[in-house]
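Undergrad: Please find one structure pasted underneath; my questions will follow.
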Amino acid sequence: MKTPAVIDTAAVGAVLFDMDGVLTDTASVHFAAWARLFDSALPVLAPDVEHAPFSADDYRRLVDGRARIDGVEALLADRGVSVPRGEIDDPPGTETAWALANRKNEFFHEAISTGGVATFASSITVLDAVRDAGVRTAVVTASRNRADILAAAGLSDAFDAAVDGIDIEDQGLAGKPAPDTFLEAARRLDVEPARAVVIEDAVSGVAAGKAGAFGLVVGVARHDDPEELLAAGAHVVVTDLAELTVL
């Protein structure tokens, strides 16, 4: 039987929201920053190889929902390019994976400093509805920029807990598709995974929700990929959270 697109606030203890692509409309900004990074760096790193431009498929398969360093290493591996991992404080550049990750972060900050951060109105409606019902909330993201992005979006005080890229690094958490970040958010909220809802737009994030045995995993098909989200473990897939009912 098809799972209804419903959050029953009487039956759940927490709702865990992914950030980029679920709450904030920054996917296009991230895509542009990743494309700018790789389209400039790959010819330097492997000048004897003809590199296809960074594509929407690359974004979905290799970087969406992942920690920045994991995205860099996944794309490089996909293209057969190897560089040392380096250290988290490497200056932006092309010499190490962390240098590339930090250059991407520079590109991203340049973009949001001029264009700001938009939100999905229907997602904020769902967030407000579950909070009004007394359900605890958390934001779970691989981004190390979580605090800045939420502040720019006016959402700094909207969550009872947050797990982000800084926590991943500091606590040695595995990034999505491993369930560690969602499980840590549930732990901070003192809610069993079976009584928590995960809302994700990335295949890796949906897979993390499934791996963590969360009670309801909602996939948001922003990229016209409902079958991929279902295959990854979503109990229900919507194209926008306006299709999700909060009871």
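Undergrad: For an R0 of 22 angstrom, estimate the FRET efficiency from the Cβ-Cβ distance between ASP48 and ARG85 and round to the nearest 0.05. Can you show the working numbers first?
TA: On the way: r = 23 Å, r/R0 = 1.05.
E(calc), rounded to 0.05, equals 0.40.
Undergrad: So what is the diffusion coefficient of the stretch 44-110 in µm² per second by Stokes-Einstein at 37 °C and 0.692 mPa s, using a Kirkwood Rh over Cα pairs? Numbers along the way, then the final one.
TA: Values: Rh = 12.3 Å.
The estimated diffusion coefficient comes to 266 µm²/s.
Undergrad: A further question on this structure: At 1.4 Å probe radius, can you tell me the per residue accessible area of the stretch 23-85 in Å²? Walk me through the intermediate numbers first.
TA: Values: 2900 Å² over 63 residues.
Spelled out: the 1.4 Å probe surface of the stretch 23-85, per residue, equals 46 Å².
Undergrad: Tell me, what is the FRET efficiency for LEU230 and SER28 to the nearest 0.05, using R0 = 30 angstrom and their Cβ-Cβ distance as r?
TA: Between LEU230 and SER28 the formula returns 0.75.
Undergrad: At a 1.4 Å probe, what is the % contribution of carbon and sulfur to the accessible area of the stretch 1-49?
TA: Details: 1250 of 2090 Å².
Answer for the stretch 1-49: carbon and sulfur cover 60 percent of the accessible area.
Undergrad: At 20 °C and 1.002 mPa s, grab the translational diffusion coefficient of the chain from Stokes-Einstein with a Kirkwood Rh over Cα pairs, rounded to a whole number in µm² per second.
TA: Translational D for this selection: 117 µm²/s.
Undergrad: Once amide H atoms are placed 1.01 Å from N in the peptide plane, what residues at a sequence separation of 5 or more from VAL217, or on another chain, have their amide H within under 5 Å of its amide H?
TA: Under 5 Å from the amide H of VAL217 lie the amide H atoms of VAL198, HIS235, VAL236, each far enough along the sequence or on another chain.
Undergrad: If I ignore ligands, DNA and RNA and count only protein heavy atoms, how much of PHE38 is accessible to a 1.4 Å probe, in Å² to the nearest 10?
TA: Here the accessible area works out near 0 Å².
Undergrad: Using 0.36 nm per residue of separation minus the Cα-Cα distance, give me the extension gain between SER122 and LEU247 in nm, one decimal.
TA: Values: separation 125, 0.36 × 125 = 45.00 nm, distance 1.53 nm.
Using 0.36 nm per residue and subtracting the Cα-Cα distance, I get 43.5 nm.
Undergrad: Something else about it: If you wrap a convex hull around the Cα atoms of the stretch 32-161, how much volume per residue is inside, in Å³? Write out the running numbers ahead of the final one.
TA: Details: hull volume 15.5 nm³, N = 130.
Normalising the Cα hull of the stretch 32-161 by residue number yields 119 Å³.
Undergrad: Under the Karplus relation 6.51 cos²θ - 1.76 cosθ + 1.60, θ = phi - 60°, what is the ordered set of whole-Hz ³J(HN,Hα) values for the stretch 125-139, x standing for Gly and Pro?
TA: 4, 5, 4, 5, 5, 6, 5, 4, 7, x, 7, 6, 10, 9, 10
Undergrad: Kindly identify the stretch 116-198 as rounded, prolate or oblate by the Cα gyration tensor criterion: order the square roots of the eigenvalues as a ≥ b ≥ c, call it rounded if a/c is under 1.5, otherwise compare a/b with b/c, prolate if a/b is larger, else oblate. Mind dumping the intermediate values first?
TA: Working: a/c = 2.06, a/b = 1.15, b/c = 1.79.
Oblate.
Undergrad: Kindly express, to the nearest 10 degrees and within the range 0 to 90, the angle between helix 68-78's C-alpha long axis and the longest C-alpha principal axis of the chain.
TA: Helix 68-78 and the main axis of the chain meet at about 60 degrees.
Undergrad: Continuing with the same structure: Hey, can you find the accessible area per residue of the stretch 157-247 for me, probe 1.4 Å, expressed in square angstrom?
TA: It amounts to 41 Å² per residue over the stretch 157-247.
Undergrad: In degrees, nearest 10, range 0 to 90: what is the angle between the Cα axis of helix 27-45 and the longest Cα principal axis of the chain?
TA: 20 degrees
Undergrad: Relative to the Cα centre, what is the charge dipole magnitude of the chain, using +1 at the beta carbon of each Lys and Arg, -1 at the beta carbon of each Asp and Glu, and rounding to the nearest 20 debye? Intermediate results must be reported in sequence, preceding the final value.
TA: On the way: 20 positive and 40 negative charges, 77 e Å.
Roughly 360 debye, rounded to the nearest 20.
Undergrad: Of the listed peptides 58-66, 136-144, 42-50, 76-84, what is their order by residue-averaged count of other C-beta atoms within 10 Å, with the highest listed first?
TA: Working: 58-66: 21.6, 136-144: 24.7, 42-50: 11.9, 76-84: 13.6.
Answer by packing, highest mean first, reads 136-144, 58-66, 76-84, 42-50.
Undergrad: Still on this structure, please answer the following. Note the direction-averaged projected area, equal to a quarter of the hull surface, for the Cα convex hull of the stretch 9-78, in nm².
TA: Working: hull surface 23.6 nm².
Taking a quarter of the hull surface, the average projection is 5.9 nm².
Undergrad: Right, here's the next one. Nearest 10 degrees, 0 to 90: what angle lies between the long axis of helix 180-189 and the longest principal axis of the chain (Cα atoms)?
TA: Helix 180-189 sits at roughly 40 degrees to that axis.
Undergrad: Rounded if a/c is under 1.5, else prolate if a/b beats b/c, else oblate: with a ≥ b ≥ c from the C-alpha gyration tensor eigenvalues square-rooted, which is the stretch 168-247?
TA: It comes out oblate by the Cα gyration axes.
Undergrad: Expressed as cubic angstrom per residue, what is the convex hull volume of the alpha carbon set of the stretch 112-163? Before the final figure, lay out the partial values.
TA: Values: hull volume 3.9 nm³, N = 52.
In the stretch 112-163, the Cα hull volume divided by residue count equals 75 Å³.
Undergrad: Full extension from SER113 to ALA151: what is 0.36 nm times the residue separation minus their Cα-Cα distance, to one decimal in nm? Show your work: numbers first, answer last.
TA: On the way: separation 38, 0.36 × 38 = 13.68 nm, distance 1.20 nm.
My answer for the length gained is 12.5 nm.
The values are calculated or read from the model by the stated rules, or taken from the named source; none is laboratory data. Bear in mind the structure is a predicted one, so any value in this text is a computation, not a measurement. Reconstructed Cβ throughout: ideal geometry from the backbone, glycine too, with neighbour counts over all protein chains shown. Ligands, DNA and RNA are stripped out before the accessible areas are found, and what is left, the full protein with its side chains, is counted by its heavy atoms. Shrake-Rupley method; radii C 1.70, N 1.55, O 1.52, S 1.80 Å.
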